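The structure appears right after this line, and notes come after that.
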Amino acid sequence: MTSSTNKLQEVYNQLGFLSALPVLNQTQLREAKRAFSELEEEFGEEYTQYSLHNVHLQYPWVRDLTQHPQIIQVVKAILGPDVILLDSRFICKYPTLKPDAQDNEGGRNDELPYVAWHQDMRYWGIAGGPVLSVWLALDDSLQENGALQLIPGSHCAGMLPHRQATRPGNMLSLARCLFMMDHASDANTSQRRRCGLVIRYIPTCAHPTQDPDRPRKFAATMLACGSDRFNNFSDKTT
């Protein structure tokens, strides 16, 4: 184990997240944005904002992103050498205000769509190991375009009770107040898109929970690195 790996683990264990890690070079980023723009043209923004789910099975360029060496290096530092890709999804937050509405000082932003504070892990249906989420940014994330907000160290508090948000515009229903890290994001009040690929990884020792009231299927899992001696996901793609 190298000193850089130890440092990554130390920071991650303390804060619950890592940020500003370099992954794509300018050529790779340009190609990824070009490929995503083709999906926008094909499906439309209403679909591409959240419905491009597990398309790493369909598009080789997305699969290559999930297996990018820079990402896998960090994932292995946190989860160990044997890792499964659990799930992937593009999340694209488009501007919610027209330019003329932004110039209207009397306009109200309190009902614009946003994501309230929540934890994912309660609803993931995974036990026996952590779920590590990676946000691979295709666009800059700024306060104005609804960047992800985190509470450092909140993962140490365990699972917290969830309640219905009182502020209008919450995009999560109570049933979908989906990681141990508390996180949220505000509305995109800029004229700039905020798009990224969310990739979720688990150690091979993790397994689906057996909950008849909330059955979960993971049809897009694949071995990301190492080997899998547990075979808890029999439908893995190789």
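Any read-out appearing in this document is the output of simple, stated calculations on the displayed coordinates, not a laboratory observation. For clarity, every value in this text was computed on a predicted model and none was experimentally measured. Because the Cβ atoms are built from the backbone with ideal geometry, glycine has one as well, and the counts that use them run over all protein chains shown.
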Exercise for review: Hey, could you check segment 1-46 for residues that are within 17 Å of the chain's Cα centre (by Cα) and of a type in the set (Phe, Trp, Tyr) and say which is nearest to residue 219 (Cα to Cα)?
Suggested key: 36
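Kindly establish whether residue 21 is surrounded by fewer than 13 Cβ atoms within 10 Å (Cβ to Cβ), touching a helix residue (DSSP H, G or I) at 6+ places or on another chain (Cβ under 8 Å) and under 18 Å from residue 139 (Cβ atoms).
Values: surrounded by fewer than 13 Cβ atoms within 10 Å (Cβ to Cβ): yes; touching a helix residue (DSSP H, G or I) at 6+ places or on another chain (Cβ under 8 Å): yes; under 18 Å from residue 139 (Cβ atoms): yes.
Yes.
With the condition being over 15 Å from residue 134 (Cβ atoms), I'd like the helices (runs of 4 or more DSSP H) fully within segment 28-99 carrying at least 3 qualifying residues. Talk me through it step by step, then tell me what you get.
Details: elements: 45-48, 60-66, 69-79.
The qualifying helices (runs of 4 or more DSSP H) are 45-48.
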Check your understanding: Restricting to segment 1-18, what's the tally of residues that are surrounded by 11 or more Cβ atoms within 10 Å (Cβ to Cβ), out of contact with any Phe, Trp or Tyr (no Cβ under 8 Å at 6 or more places or on another chain) and hydrophobic (A, V, I, L, M, F, W, C)?
Key -> 4
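I'm checking my understanding of the structure. Among residues of segment 200-238 that are part of a loop (DSSP other than H, G, I, E, B) and of a type in the set (Val, Ile, Thr), which one is nearest to the chain's Cα centre (by Cα)?
Here is the first cut: in segment 200-238, the residues part of a loop (DSSP other than H, G, I, E, B) are 204-206, 209-221, 226-236, 238.
Add one more test, that the residue is of a type in the set (Val, Ile, Thr), and what stays is 204, 209, 221, 238.
On the way: 204: 19, 209: 21, 221: 15, 238: 22 Å.
Applying the filter and picking the extreme gives 221.
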Exercise for review: Under 8 Å between Cβ atoms, at least 6 apart or on separate chains: pull out the pairs that start in segment 124-140 with a residue that is over 17 Å from residue 209 (Cα atoms) and end on any residue that is of a type in the set (Gly, Ala, Ser).
Suggested key: 135/196; 136/196; 137/196; 138/32; 138/196; 139/196
